[in-house]
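Participant: Take a look at the following structure, please.
The values are calculated or read from the model by the stated rules, or taken from the named source; none is laboratory data. From a predicted model like this one, the values you see are computed outputs, not experimental measurements. Every residue, glycine among them, receives a Cβ derived from its backbone with ideal geometry; neighbour counts consider all protein chains shown.
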Amino acid sequence: MSTNLLELNGVHTHIGAYHILHGVSFAVTEGEVTMLLGRNGAGKTTTLRTIMGLWAATQGDVRFKGQSLKGLATPEIATRGIAYVPESMGIFTDLTVQENLVLAARAARHAGELDSARLDWIFGLFPALKKFWLYPAGKLSGGQKQMLAVARAIVEPRALILIDEPSKGLAPSIINNLVSAFNELKRQKTTILLVEQNFHMARSLGDQVVVMDNGTVAHTGSMRALADDDALQQRLLGLSLAVHQ
Amino acid sequence: MSTVTTSASAPVTGAAIPKAQFDWKPVALLVAIALIGLPLIGSPSTWVTLTVAGLAMGMIVFIIASGLTLVFGLMDVLNFGHGVFIALGAFIATSVMGGMALWAGESGAAQLVAVFCAMLVAFAAAAVLGWLFERVIVRPVYGLHLKQILITMGGMIVGEELIKVIWGPQQIPLPLPEVLRGSFLLGDAAVEKYRVLATLIGAVVFAALAWTLARTKIGLLIRAGVQDREMVESLGYRIRRLFVGVFVTGSALAGLGGVLWGLYQQNVVPQIGAQVNVLLFIVIIIGGLGSTLGCFVGALLVGLMANYTGFLAPKVALFSNIGLMVAVLLWRPQGLYPVTNR
C-alpha cells in the first residue's frame, strides 16, 4: 500500500507583493519519483522553496510524514529528512568536493567519518567526484557541479529529495549520466520530487506527475498515463508542455 | 552500505589528483613591497626596524579586523560599531594593568602575567558586549544595510559615552610595562620587544583562526556560510546561531586587539576604536570581504605601508593606505582573495 510522504494542501505563497502559488495541492508517494512539470514561471521552483521553508506559505499546509511543517525554519525542515538540490546547484565553490560532501553529511565531523561504503556507491554513480576529490568545486564543469549537488543530497540517507531542473544547460551525455544515477536511486526506492523541463527525461524517470500552470496544479496522475494518452498530452501541451518536446 | 572498505579522506589511489593551486600573488606583493622598501629606506637596520614595526601593526589590525570581515561575509552585516569593542578592550587594560601594577612590581614575569590577564579580561568582556550588541542592535536590522550603518554607528557612540561615564572623558596613559620596554638588537637594527610580542600574538591568532576554518566542521560551516548561507540552512544548519558565535568571537578578538592597540599607542581615549575604524574597513576591503586570509595579508600590507611611508614621506603617510586600497582594487576589484560566490 502506497503512503503519502509529502502532502501540500491549498498552499499559497507570496514573494513580496507577488502572489505566486494559488492553492497548490498534491501528494508525493513514498518510494516513487514524482515529476513536477510546467512552463517557466509556472511556480515549480517556488513550490520546492516553499516546501523547504525558504519562502513561507502564507496559506495552506505542507505535511511531511503526516506532520505539518508550518512555522518551521529551513534547517529544522532539512533535519526532518528532506534534501534539496536547487536550480543554482548551491555548490560551495571555494570548498573542495570533499568539503562539500562533509558539510552535507551532518553526522560527519571530517572526511574520515563519511560512510565509506556509501561514498563508494556515490563514486560508482559519479566517478568524476572521486577524481576531483580534493579539487575546489568552483573549478568543476557544469555537469560535475550538478553531480556534486546530487551527491550532496544522497551522501546520507534522506527520506525525500527535492531536485530542481538538474538537466538545465547540460550536454546530452551528462544528462544520460544523471538519468542513470536517478534510475539507481529509483531502484533503491528513494522518494524524489523532481522539477524538470526535459519531457523525455521526465517520461523515463517519473512514476507520478504533477503539471503546474500559473501557480496552480493543472494535472496530477501517473507518468505512464500521461505518456500513453495523446489526448491528455495534447490538452496539457496546449497549456504548457510544448516547450518540453 | 555498512562495510568500511576505503578511507574517505583519500579515495583515489594511483591516479594524479588535481589540487587547488594556492594564489601566491598577494603574498608576493607583500614581499615585493618589503623588498622595494629596502633600497628606498637605504639603511638595512632601519629597514628591519620599520618592517618589524609594520608587521606588528599589521598583526594587531588583523586581530581586530578578522571578526569584522567574517561578520560581513557571513551575514552581510556592516558593523560600523566594531570600534567600541576595541575601546572597551583598551580601557579594561588600563584598569587591569593599573590594578595589578603594585602586585606585579619589578618582576618581569608578573608584569607579563598582568598583560595577559588584561588580554583575557578584555577578551571576555568584549565577548559579552558583542553578544549584547548583536542581540539588541544588529539583530533587528538584518538585511538592511543603511539601517545597519546608522544603528551600529549609533551603538558605538553610545558605547563611547558609557566608557566616558565609567573611566572618564580624559586620555588615560597605558604605558608598556618595564619588561616590554626597550629593544632587541639584531646587528645594528633595534627591534622593539613589544612589537615582537604583538607579532607573535597575531601569528598565534592567525594560526588558530586558519586551523579552525580549515580543519573543523565549524570552520567549514563558516566558509560555506560566507558563500551561500541559504544553502547551508538547506543542509540543516542554523546559520543564525553560527553568526552569533562568529560575532561574539569577532568582538572578543577586537577586545584583545584593543589591549594591544592601546599598548601600541601607550595611551587610551574613548574614541580609540573610532580612530581605527577607517583602517579596518580599508583592510577588509583590500583583503576581499569575508576572506580571513585576505584580511591577514591586507593588514600586513597596511602595516608595512604605514611604517615605510611614515619614515620616507610623513606627509604622504595619511594618504598611503587609501592609495594602497585604490591600487589593489584596480588590480583585483573584489580584493586580494575574493570570496567567489559573493
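Participant: For the structure I just gave you, tell me whether A:Gln146 is more than 25 Å from A:Thr13 (Cβ to Cβ), polar (S, T, N, Q), buried (at least 18 other Cβ atoms within 10 Å of the Cβ) and more than 14 Å from chain B (Cβ to nearest Cβ). Let's see the steps before the verdict.
Facilitator: Details: more than 25 Å from A:Thr13 (Cβ to Cβ): yes; polar (S, T, N, Q): yes; buried (at least 18 other Cβ atoms within 10 Å of the Cβ): yes; more than 14 Å from chain B (Cβ to nearest Cβ): yes.
Yes.
Participant: Give B:Ala56, B:Ala104, B:Ala109, B:Ala87 a once-over and let me know the one that is more than 23 Å from B:Glu161 (Cα to Cα), in contact with a Pro (Cβ under 8 Å, 6 or more places away or on another chain) and aliphatic (A, V, I, L, M). It would help to see each step written out before you state the result.
Facilitator: Values: B:Ala56 fails: in contact with a Pro (Cβ under 8 Å, 6 or more places away or on another chain); B:Ala109 fails: in contact with a Pro (Cβ under 8 Å, 6 or more places away or on another chain); B:Ala87 fails: more than 23 Å from B:Glu161 (Cα to Cα).
None of the other options fit; the residue is B:Ala104.
Participant: Yes or no: the stretch B:315-324 includes at least one residue that is among the charged types (D, E, K, R) and touching a residue at least 24 places away in the same chain (Cβ under 8 Å). Show your work before the answer.
Facilitator: Applying the first criterion (among the charged types (D, E, K, R)) to the stretch B:315-324 yields B:315.
Then keep just the ones that are touching a residue at least 24 places away in the same chain (Cβ under 8 Å); that gives none.
No.
Participant: Report, by residue number, each residue of the stretch B:254-296 that is β-branched (Val, Ile, Thr) and surrounded by fewer than 24 Cβ atoms within 10 Å (Cβ to Cβ).
Facilitator: Taking the stretch B:254-296 first, the residues β-branched (Val, Ile, Thr) are B:259, B:268-269, B:272, B:276, B:278, B:282-286, B:292.
Once the filter is applied, which keeps residues that are β-branched (Val, Ile, Thr) and surrounded by fewer than 24 Cβ atoms within 10 Å (Cβ to Cβ), the stretch B:254-296 yields B:Val269, B:Val278, B:Ile282, B:Ile285.
Participant: Cβ-Cβ under 6 Å, sequence separation 6+ or interchain: first residue in the stretch B:90-113 and loosely packed, with under 14 Cβ neighbours inside 10 Å, partner modelled with pLDDT of 90 or more and assigned to a helix (DSSP H, G or I). Which pairs?
Facilitator: B:Gly108/B:Val179
Participant: Taking the stretch A:97-134 only, how many residues are of a type in the set (Val, Ile, Thr) and more than 7 Å from chain B (Cβ to nearest Cβ)?
Facilitator: The initial filter retains those residues of the stretch A:97-134 that are of a type in the set (Val, Ile, Thr), namely A:97, A:102, A:122.
Pick out the ones that are also more than 7 Å from chain B (Cβ to nearest Cβ) and you get A:97, A:122.
Residues flagged as of a type in the set (Val, Ile, Thr) and more than 7 Å from chain B (Cβ to nearest Cβ) within the stretch A:97-134 amount to 2.
Participant: If you don't mind, another one. Need a quick list: helices (runs of 4 or more DSSP H) entirely within the stretch B:185-251 having at least 1 residues that are within 9 Å of chain A (Cβ to nearest Cβ) and surrounded by 18 or more Cβ atoms within 10 Å (Cβ to Cβ). Steps first, please.
Facilitator: Values: elements: B:193-215, B:217-227, B:229-234.
In the stretch B:185-251, B:217-227, B:229-234 are the helices (runs of 4 or more DSSP H) which contain 1 or more residues that are within 9 Å of chain A (Cβ to nearest Cβ) and surrounded by 18 or more Cβ atoms within 10 Å (Cβ to Cβ).
Participant: How many residues does the stretch A:159-178 contain that are crowded, with 17+ Cβ neighbours inside 10 Å, of a type in the set (A, V, I, L, M, F, W, C) and modelled with pLDDT of 90 or more? It would help to see each step written out before you state the result.
Facilitator: Step one: list which residues in the stretch A:159-178 are crowded, with 17+ Cβ neighbours inside 10 Å, which gives A:160-167, A:170, A:174-175, A:177-178.
Applying the additional criterion that residues be of a type in the set (A, V, I, L, M, F, W, C) yields A:160-163, A:170, A:174-175, A:178.
Retained after the next criterion (residues that are modelled with pLDDT of 90 or more): A:160-163.
Looking only at that region, the number is 4.
Participant: Being away from chain B (no Cβ under 12 Å), closer than 23 Å to A:Thr47 by Cα and not basic (Lys, Arg) narrows it down to one of A:Ser173, A:Ser167, A:Ser180, so name that one.
Facilitator: On the way: A:Ser173 fails: closer than 23 Å to A:Thr47 by Cα; A:Ser180 fails: closer than 23 Å to A:Thr47 by Cα.
Exactly one residue qualifies, and that residue is A:Ser167.
Participant: From the residues in the stretch B:150-184 that are small (Gly, Ala, Ser) and over 15 Å from B:Phe91 (Cβ atoms), which one is surrounded by the most Cβ atoms within 10 Å (Cβ to Cβ)? Reasoning before the result, please.
Facilitator: So in the stretch B:150-184, the residues small (Gly, Ala, Ser) come out as B:154-155, B:159, B:168, B:182-183.
From what's left, over 15 Å from B:Phe91 (Cβ atoms): B:154-155, B:182-183.
On the way: B:Gly154: 13, B:Gly155: 20, B:Gly182: 12, B:Ser183: 15.
Among residues in the stretch B:150-184 that are small (Gly, Ala, Ser) and over 15 Å from B:Phe91 (Cβ atoms), the one surrounded by the most Cβ atoms within 10 Å (Cβ to Cβ) is B:Gly155.
Participant: Could you check the stretch B:139-152 and list, in sequence order, the residues that are in contact with a helix residue (DSSP H, G or I) (Cβ under 7 Å, 6 or more places away or on another chain) and among the aliphatic types (A, V, I, L, M)? Steps first, please.
Facilitator: Going through the stretch B:139-152, the residues in contact with a helix residue (DSSP H, G or I) (Cβ under 7 Å, 6 or more places away or on another chain) turn out to be B:141-142, B:147-148, B:151-152.
Across the stretch B:139-152, the qualifying residues are B:Val141, B:Ile151.
Participant: Do we have any residue at all in the stretch A:67-85 that's within 26 Å of A:Arg224 (Cα to Cα), away from chain B (no Cβ under 14 Å) and either in a loop (DSSP other than H, G, I, E, B) or in contact (Cβ under 8 Å) with a residue 60 or more places away in the chain (or both)?
Facilitator: no
Participant: What pairs come up if the first residue lies in the stretch A:1-29 and is surrounded by 16 or more Cβ atoms within 10 Å (Cβ to Cβ), the second is of a type in the set (Lys, Arg) and part of a strand (DSSP E or B), and their beta carbons are under 6 Å apart, counting only those six or more places apart or on different chains?
Facilitator: Hits for this filter: A:Glu7/A:Arg63.
Participant: Separate question: Is the stretch B:294-316 home to any residue that is of a type in the set (Lys, Arg) and closer than 30 Å to A:Ala107 by Cα?
Facilitator: If we filter the stretch B:294-316 for residues that are of a type in the set (Lys, Arg), which is where we start, we get B:315.
With closer than 30 Å to A:Ala107 by Cα added as a condition, the list becomes none.
No, because not a single residue in the stretch B:294-316 is of a type in the set (Lys, Arg) and closer than 30 Å to A:Ala107 by Cα.
Participant: Which members of the stretch A:140-165 meet the condition of being free of Cβ contacts under 8 Å to residues at least 40 places away in the same chain and over 30 Å from A:Phe64 (Cα atoms)?
Facilitator: A:Ser141, A:Gly142, A:Gly143, A:Gln144
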